[in-house]
Every structure is written in C-alpha cells, then in structure tokens.
C-alpha cells in the first residue's frame, strides 16, 4: 500500500462500507479522513444485518449470488480481525438460516428457489414442518415446510458498527463530523463551503451518493426500507436461534435474532425518494408477516420502528471502481452492505494499490471488476 | 380561599389533575409546591384526550356518566380561562364524536348503548353509513351505521399540559423536580430522604398514588394503556375532523384528530403492573382496529407508540376527598383524567375551603362527595 500516489484518502460516508474501508486503508498506512455528520448512522444503523446470499438468491441474479458468497466466505476472518482490532465484539452470529413458507404459493416459491440453487451447485436442506420445528420450536403453526441454509449467517449491525468505529479510530482515521456536498478529483466539498484536498476521494455515501457526483446521478437511488426491533418480555416465548425468513403472501420478511432476547424484523421496500418516515402500513405488514412465521411475537416489546435508505442500482449489483482519476466509488450495495463489506474493502484496497486504469471504467458506468471475487 | 388553615399546599403529581389543581389553588392565593420529577409526563402525556362521557357510557356506570357530563359542561369555560391564564392554546377541540361499528355484533352493541342513553334522557343521533360518510368521508367501507354525539369533545393533551404548566408558573406555583416516596399529614417525604412540610399534602400521582399512602394501597392500581400517534403524509387522505370511535370485534378503539394532520389512536387496556413497554400485539391490534373504522391510514406516518399507566379504582370512579387531616387525594381518574379535570379542581378547592370533616370520609375509603356535581 501507500504507493505514494494515493497516500491521502478522503472517504465520504460512515456506514458499514465507509467505516470498513477507512479502517482497512488506515491500517495499510494511508492517511484517512472520514466525512460523515453521524458515522454509524443511516441505513447501516437501521439494517437487519443478514449475511445471506443463498436465501436472497433470485433467478437471473447469479452474479449477485457469486459476489455475496465470495464475500460471505471472507466474513469469519473479517470478523475475527475486526474484534481484535477493536477489542470489541464483531457481532457475527454463526447460526444459520431457515427459509420457510406459510401458504402453499409461498412454499411453491421456496421449492423453485431450492431447485434453482441445486442446479447452481449450492447445498440447501429441505425439511418438513416437523423437522423445522425441532430446530426452531417457535415456528408458527402455519409453517409446513422449508429450507435449512446453515451457511447463511447474520451480524448484529450495531455491534459491528461500534467495532468498526473503534477499529478505525485506533488505526488513526480522522472523523470529520460534517456533510459532504460534492466530490471531485482529489477533493471533497463540504456543506459549509470549505474543501478537503486529498490524493483520492472515495464515495461510500449509500443512498445519497447520487447527489455527490454527476457520474452517479440517476445510477444510485434511495430504496426505503422499514424495520422493527423487538425484545422478548419475561412472559414471552424465547426468540428463534436462527434467522427465520420467507415469503408471506409473496412479500419477503425476515426475523434476525439479536441474542439473548432481541429480534429484528424487516423489511419493506419502497421507491419514494429521500423519505425515512415509518408508515402505519409498513409496521402493520411487518408485524403481520412476522407473526405468520414465528409464534408468540405479540407478547414481545416493540422497541423501535425505523426506516433507512438503501443504495439501489439498476442491476442490484454494487458499484466499486474508479469514477475518474482521483475519485473512487464504493456504493450501491442495496440490501447487502454488511454482506459485501469484506470483499468491497479488498476491492477498494486493490484499486488504490493498482491506481487508476482508464480502460477499466467509464465515468457513467464505473467498473465492477474490482468487486468480483 | 386561604382560610389560613390550608395556605401552604404540597401537591404530589404533575399530570393533568395535579397541574390543574396547582394552577387553581395558586390562583386562589395558596402557596403551592408541585412535586414531580417530570411534570406533564406520565399517563397525561400519553393520553388520547377524549372528553367523551356519552361515548364512554356503559350499563351500570350512571354515576360516572353524570360526573363526566357535569365536568364536560365546565370544559369550555375551563379552557377559556386556561388559555387566558397561560396566554397559550388550551387544545380544546369542539368537533363532536362519531361512534361507529364495523360488524353486525359491534353495531348491535351501539344500538344497545343508544337505547340506554335515550332511556337516561341523553341525546344521540343515529345515522346510516351514508349519512355518516357525509360527515366524515374517510370512514372505512365496512362502517354501515353509527351514532353522532355532537357534545362529546376532545382536547390536545400535550397542548393542554403545556398551557397548564405555563398557567401554574404564572400563578406562582413552585415546581420541585423530585420524586415523592410517602405522604403523611402535612408532609411529603422525597426520594432523597428530605421532607417538605406543608399545611396540606395533595396526592394526585395517578397510577403510583397507591405507593404513597397506606389508605390508597390496593385501592388505586395501574392500568396500562398503549396508544399510537399518526401523522398524515402528503400522499395520504386527510384525517377525520371528529373523533371516530367504536367497538371492533368487541374491542374499543378511538381515533382522535389532532389538527391539522395528526391522529391519536388508542387504547389497549392491560392489568400488568408498572410495565410501560409497548407490545407488538398492542400495536398490531390498534392499527388493525383503527383501519376497520377509517380508510387510508396505511399511508400515514407512525410517529409514536407509547404506553401509560392509568389510575384505576375498583368502581372506575375517581377518589377525591380527605384521606386524613392534612392529606387530600385527587386521583383514580382512570381513562378520564382530562375529562374530569375541571370538576376535580372545583372539588379540591371546595374541600380545602371547608376543611377536614371527619364524618365525610374514612381513611380507607376516601369521600367522593366532593367530586359529584
């Protein structure tokens, strides 16, 4: 690292991608300034934290499945390094995932996904309702069958963000609690009109990235997601130990455990611009769908209902590459920011090491080659 | 007032009852200290603010109906005085109430209540679904009939609490932001072990009153209620102008407008002690029941889900009277703290003026005569 050309990095965005890159680049010897009015906030703070490329797999998105799987393989080592660097828990939860269906159309959909994954060579285990209930006794009575995906994991997003902030600070990252307005070659314009000069600016600003550089305008868009946080009350049944997810009346819902007594239920998807207001309909649907998959949730405390803006892209793949000399981008991770963090960090480090190669990227369509395993 | 015997008053509890009494007694010339770690918090902060003795009427609770009606008659003047004294809005909303039913059993129940009220000489207007929809176009399609109760009003609880605090301050009330531990004749013991001496101590501590004096232990109990606050988003239908309420599958739900774009939806009822955690089941039921009565709520923002502890009594009537010489009580208003505030204030002022009369009260069963119109 520190090839001299790119020693001084200004990173815009303090979500999971920005913090992970900041930590790694500082550890590799760069000077790193991270610009975010509230690092660890935004969509990463709201996220469910699923590391589940298989359960998320969908026809025609084989590239996304490959990318997610490659990043998931890196997670245990990434988490161990993070915990060491931060001297704090990484939040990684290595219990697997159950994908279940509550009605026959939903189960039919699972069946198709299982066939699809099998054809691609991935291993998933089909189970009867009875077998699933042996794994997770709290599954709702309407669950009659589903898939066990032991390799799909999860991470406590807030524990991971705390650890990333600590690791970044310890590695020498300077936090600038300010808003960025625009990014250009080797410079970041702040909301107060001042400018940070650097060798390279990295845009990792999630759903707001499209506002920072013309090359991202209309490419990265905000996709609103609402999420609930639940906590077991003393009178309630224990939460499942694995992530439980599945289609309910065609809508995807997931319940991610936050041991010992928490559950995260997500997530709605709306294309409504920069609106982070939680809707009555979103909360109603999340509760109703979650109760179709897991029993006894009515007795849980509802501790939080929040919304975040995922950075969506036209093909649901992240954007990792050079926008122009002096400007890197690492965003567009949509629902997969935590999953893709380890491989994104690797890619960004490699891009900085190798320097800008114009043949690899056009400003309006940043190269994704760096993001491939 | 200030008959000399009871010049110096220490009031425990800064909810609607405590604040109203403090304001009035100070305006009458008493020295008043109000003890509450967070005046304007607690159940009064959570409340829906319905002033609806008729819509709340139930068989066998004729005393409560009389008391509520007598207090409601005093509300317009009380609100006008409050607004003048505080130089701030009282929050009174003089639009009436619709009581509707979504299924045939619920409508049958309304029919019985209407007959009951008619037999007692109260006026309510029965309407078809079409006539109701002319009054409130947002009523849900399942509403086929109901009652119009023009006299049942509502108050913006938080506006009223703000005004009461201001009025009390202007009248010279001293606020002591501390917790009371016990109350005895002419003294209030604070959590830090110190003591306030006074001529008379008034217990207006709502659901926690039972902990302050042996005469109230087991008489006043906390009754948990959960409530939602909604706000219209630009894409959503306007909220109703009147309070809309009714039984839904036998459960009572109400939607109280907070002009211009707010709605308060309440309320669950649980007997679970001093637990103010909002449950998943409570939120699910409130949303579901509210959507049965009013259309288009799914598009609203859910801004808040909170729980408070109403002060319940064995017969649902408030406790207003002397507990012993030097100790007055004004609590146990259950769902009706705002409704009963004007008449409670009158009663407390009269009790202080007339002094302690042992024949009127037994320590274990405080007199209610002061609370009757």
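With angles folded into 0 to 90 degrees, how steeply does helix B:157-170 sit against the dominant principal axis of chain B? Use alpha carbons for both and round to 10. Result, in degrees: 30.
For the range B:130-202, what does the alpha-carbon gyration tensor say about shape, rounded, prolate or oblate, given a ≥ b ≥ c as the root eigenvalues, a/c under 1.5 as rounded, and a/b over b/c as prolate? Prolate is the answer for the range B:130-202, as a/c is 1.5 or above and a/b outweighs b/c. Take chain A, connect every pair of alpha-carbon atoms lying under 10 Å apart with a spring to form a Gaussian network, then pick out the residue of A:239, A:89, A:257 with the largest mean-square fluctuation. Fluctuation is largest for A:89.
Helix A:16-27 axis versus longest C-alpha principal axis of chain A: approximately 50°, rounded to the nearest ten. For the residues of A:270-282, the average number of beta carbons from a partner chain within 10 Å of their own beta carbon is 5. Length, then width, then depth: along the principal axes, the Cα atoms of the range A:30-78 run 38, 26, 20 Å.
Across A:44, A:138, A:194, mean-square fluctuation computed from a Gaussian network of chain A (C-alpha pairs under 10 Å connected) peaks at A:194. Between residue B:66 and residue B:45, the modelled label-to-label distance comes to 3.7 nm, taking each label 7 Å out from Cα in the direction of the beta carbon.
How would the range B:194-347 be classified by its alpha-carbon gyration tensor: rounded, prolate or oblate, with rounded meaning a/c under 1.5 and the a/b versus b/c comparison settling the rest? Since a/c reaches 1.5 and a/b is larger than b/c, the shape of the range B:194-347 is classed as prolate. Legend: mean number of C-beta atoms from other chains within 10 angstrom of residue C-beta atoms, peptide A:284-290, equals 4. Be a star and scan the range A:59-75 for residues whose amide nitrogen sits under 12 Å from the point 7 Å along the Cα-to-Cβ vector of residue A:105. None, by backbone N distance to the label point.
Take each residue in A:302-309, count the other chain C-beta atoms within 10 Å of its C-beta, and the mean is 3.
Considering only A:144, A:116, A:340, the mean-square fluctuation computed in a Gaussian network model of chain A, springs between alpha carbons under 10 angstrom, is largest for A:116. Of the residues A:338, B:78, A:175, the one with the fewest other Cβ atoms within 10 Å heads the list, and the complete ranking is A:175, B:78, A:338.
Inter-copy label distances at residue B:77, using a point 7 Å along Cα-to-Cβ, come to 8.3 nm with the shortest given first.
Dividing the radius of gyration of the alpha carbons in the protein assembly as shown by their Kirkwood radius gives 1.06 for Rg/Rh.
Our summary gives chain B a relative contact order of 24 percent, counting only alpha carbon pairs under 8 angstrom and 6 or more residues apart. Treating the angle as unsigned and between 0 and 90°, give the value, to the nearest 10°, between the Cα long axis of helix A:337-354 and the longest Cα principal axis of chain A. So the helix axis and the longest Cα principal axis differ by about 20 degrees. In nanometres and ascending order, the distances from the residue A:115 label point to those of the other copies are 6.1 (point 7 Å from Cα along Cα→Cβ). Between this copy and the others, label points of residue A:45 are 2.1 nm apart in ascending order, each placed 7 angstrom from Cα in the Cβ direction. If you take the square roots of the eigenvalues of the alpha-carbon gyration tensor of chain A and sort them as a ≥ b ≥ c, do you get rounded (a/c under 1.5), prolate (a/b over b/c) or oblate? It comes out prolate by the Cα gyration axes.
We did not get these values from a lab; they are worked out from the coordinates using the rules stated. Every value quoted in this text rests on a predicted model; they were computed, and no experiment measured them. Backbone-built Cβ (ideal geometry, glycine too); neighbour counts: all protein chains shown.
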